[in-house]
Amino acid sequence: MMRLNKIITLTFFYLFLGCSQTVAWGQTINGKIIDDKQLPIDGATIILQTMDSTYIGASISNADGIFVFKSQQEEYRLIIQHLLYETKQMTGKGNDAGIIQLQPKDYALDEVVIKAERPFAKVENGLLGYNLAVLTQNQLVNNAYEALTKIPGVQEDRGILTLAGAGKLTVILNGKPTTMDAGQLETILRNTPVSRVEKAEVMYSAPPEYNVRGAAINLVLKHANDYSFQGEISADYKNQYFNDGGMNGNFRLSTPQMAFDVMYGANNVKKMEYIDLDSKHTLKDELHHIIQNEQLRSKYWKHDLRVAFEYNFNNKNNIHIAYTGSYTPDQHNNSRTSGNYQTSNVDKYVDNQMHNITLQYHLGFGLEIGGDYTHYTSNNNQRLYANYQDGNRSGFSMVGGQKIDRYSIYADRKQSLPKGWNLGYGVSYRFAKDIDFQTYDKVTGNIQTQNTYSNLREQTTSFYVSLSKSYATGTSLSVSATGECYTIGNYHKWAVYPQASLTYFKTPKHMFQLSLSTDKTYPSYWDMQSSVSYLNGYTELWGTPGLKPMTNYNLNGNYIWKQKYIFGLFFTYTSDYFTQAAYQSTDRLALIYKNTNWNYMQVWGANIILPFKAGNWLDSRLTLVGMQMHQRCDNFFDIPFNRKKWVFSSTLDNTFKVNKNLSFELMGNVQTPVIQGTFDIESIFNLTAGLRWNFANDKLSLSARCNDIFDTGMPATRVRFKEQNLNMNSGFYSRAFTLHFSYRFGGYKKKEVKKIDTSRFRY
């Protein structure tokens, strides 16, 4: 496999190097702005468009009236604006726009407004960049996490973000991943206002300097650049079987040299889930029809805190440090099961704490160093009581705990090479230790329990080299290779992961992207434990010692028309794919959930993203995905499988703007049946509606939303494979009504005043 990766790397390197010889060197468009007295105009805004009014870029004239665009266009349109002068439009050819004269504005005349549609997607250095504040300005979005779900192609399902054509997404902050897990990071983003995010960069294949592989979204938080104080407090009410809610507050104080951020949230969480199970379990040629209903309840308070500080030594050197904490005391989880085979009750009490510290230091000569540390503890105790139809009883008490420490350090360097090429290289080291134990007591009945203690050590050392080039036309290419040494327990693995991407910018109307990447997904600590957990008297959750990581190969191609319409093709091949699946045991009446390595999982297909508008009152986006899934496993217990399935899904997101303060949202999603190992998952339909009202000069806002109005968003699952016969209808009462209220304050910005030279004054 390593040899194959090297061949792929060399192939793409020479391919892209060969392609680069056909790309013309970048040119510029320049000109000069003057007034009616032939004097230069400073601070005029110049907008560059294609002849069909597609936005390309913007520039500002300097003190000499000069402006420059790093772009190459045969024909183009310029819009020149200044508060003191009349707006002027003109067309041009070549790289010299000439001298452009503006006329003083007559304020007795009616104002002339020139409108140009903002580009839907902007390509920067080969990355798709989105301004989340602009993208979501009229939509029902209350925080940065919800804003992510509005990015074209991004979907969210029970805390998991996916990108159409690329699968699961990794979210990173300010260019680097965190040692926090996905759930912890989601909590932070739900407490982060959209206004704090400068931009979101979408990557179908993340470059190695981001220290992640595969699809990723980089959220770039705003840096200190002015004098300001602003903040927001909010309150939420939610009805999802139970009534719950919370309050959140944050503020930001900044100067051109430093910034200080504080965010705190306290949320009362109440959840109800259910599993209706119909199992026709064959044991020793005898059919047992097991019907049971399980209700799972969770109640707890969750406290989250984030404090961040940024200091700019100068324009090129800055340091950023952040602390994130999460505390969940006295979490109570209860599972009650009733049915014709057994009735049981499980009580579990959990205390969780998480502390994270992140440090980033940018140096002026292209060097970035940093580190990340996370400390997580969980203490729990559990009691189970089960009564069986035949009169037998089982029970136990269990005390368990987990302690995880994760460390990460890195150093990255970028430097320029001749002829516009850029060289990047870096090294990173990650270390984690996990201590986990379970101790059983008061065990009664015919139930298998085993005391466990685990002390795992995980180490990852990686280094990379990348070569990239960006042309003034917008075309860019990148090739890289990352070497990695991974160790966990007695498992050691050396691997090389090639990555290549090409963005071809023919004109602003036509952009092409191609990316190839390889990466590995490692199982969690819990997945590799030898312990067994009991969900009830019939259902068990097994760990899988020796579970192998899965290797992913991804190929993505996208065509972007008019910077907003996206057409994509994708292919993914994953060897040793693992996921949790259910199996009716052949030696006893037990339903076993266990992770198993498959031979492979293969997916190929196409996706289309079509935004459209109707005046100023309707903003819509249609996403269509079609793909074929092929899954094979030769060692899934005693029932190997080899299955294929075509899957189609579509999402229509509509925002109706009544006026500048009031807007409505209506979003629908439908998906055809899918397969997951031996599972057949039925089709789903989800309809969500909401409204948002801004008032008090946009300082106050009130939103209401109802998710999954018809309660059809949770699919039913069945197994009809060989002698396995199982029906499951599970969910968490997906219909939810939410009220959100927020108040924004501050916004004070101090204007810089130039110091007056008083030496010319005489007394």
I need the semi-axes of the equivalent ellipsoid of segment 276-358: take the C-alpha gyration tensor, multiply each eigenvalue by 5, square-root it, list largest first in whole angstrom. 51, 17, 9
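Within 10 Å of each residue's Cβ, count the other Cβ atoms and sort Ser650, Ser480 from fewest upward.
Ser650, Ser480
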Which three extents, in angstrom, do the Cα atoms of segment 26-101 have along their principal axes, listed largest first? 31, 21, 16
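How charged is the neighbourhood of Gly246? Take every other residue with its Cβ under 12 Å from the Cβ of Gly246, and add Lys/Arg as +1 and Asp/Glu as -1. Don't jump to the answer; show the numbers that get you there.
Details: positive: Arg190, Lys238, Lys270, Lys302; negative: Asp236, Asp244, Asp304.
Taking every other residue near Gly246 into account, the sum is +1.
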Please give, to one decimal in nm, the separation of the simple spin-label points placed at Lys270 and Val68, each 7 Å out from Cα toward the Cβ. 6.4
Hits in segment 309-341: amide N under 11 Å from the 7 Å Cα→Cβ extension of His355, namely 324-326
Step by step: find N for segment 545-688, compute 2.2 N^0.38 Å, then divide the Cα radius of gyration by it. What's the final number? 1.40
Summed residue charge, Cβ within 11 Å of Lys699's Cβ, Lys/Arg positive, Asp/Glu negative: -1
Send over the per residue convex hull volume for segment 352-750, Cα only, as a whole number of Å³. 216
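Over 22 Å between Cα atoms, which of Lys284/Lys645; Lys271/Lys302; Lys93/Lys419 qualify? Kindly include the intermediate steps, with their values, before the conclusion.
Values: Lys284/Lys645 33 Å; Lys271/Lys302 13 Å; Lys93/Lys419 27 Å.
In this structure, Lys284/Lys645; Lys93/Lys419 lie more than 22 Å apart at Cα.
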If you project the alpha carbons of segment 408-483 onto their three principal axes, what span does each projection cover, largest first, in Å? 75, 23, 15
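For a test of the definition: using alpha carbon positions, the gyration tensor, and the 1.5 limit on a/c, classify segment 122-221 as rounded, prolate or oblate. Intermediate values should be presented prior to the final figure.
Details: a/c = 1.36, a/b = 1.16, b/c = 1.17.
Cα axes put segment 122-221 in the rounded bin.
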Starting from the Cα of Tyr385, step 7 Å along the direction of its Cβ; do the same at Ser228; then give the gap between the two resulting points in nm. 5.8
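Using helices alone, what [θ] at 222 nm do you get for the chain, with -39,500 (n - 2.57) per DSSP H run of 4 or more residues, divided over all residues and rounded to the nearest 500?
Details: 4 runs with 37 residues, N = 763.
After summing the helix terms and dividing by residue count, I get -1500 deg cm²/dmol.
When a footprinting reagent is the concern and you count Cβ atoms within 10 Å, what order do Thr149, Thr482, Thr187 take, fewest first? List each step's numbers first, then the result.
Numbers: Thr149 15, Thr482 24, Thr187 19.
In order of increasing Cβ crowding within 10 Å: Thr149, Thr187, Thr482.
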Enter the Cα centre distance for the pair segment 716-742 and segment 330-385, rounded to the nearest angstrom. 23
When the expected Rg is taken as 2.2 N^0.38 Å, what fraction or multiple of it is the alpha-carbon Rg of the chain? 1.06
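So what's the net charge close to Ser397: Lys and Arg +1, Asp and Glu -1, counting the other residues with Cβ under 9 Å from its Cβ?
Details: positive: Arg383, Lys442; negative: Asp441.
Around Ser397, the surrounding residues sum to +1.
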Sites Lys722 and Trp526 - FRET efficiency at Förster radius 41 Å, r taken between beta-carbons, to 0.05: 0.90
Between the modelled labels at Ala411 and Phe463 (7 Å from Cα along Cα→Cβ) the distance in nm is 1.1
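Bear in mind these aren't lab numbers, they're just calculated from the coordinates by the rules spelled out. As the structure is a computational prediction, the values presented were derived from the model and not from experiment. In this analysis, Cβ positions are derived from the backbone assuming ideal geometry, glycine residues included, and neighbour counts consider all displayed protein chains.
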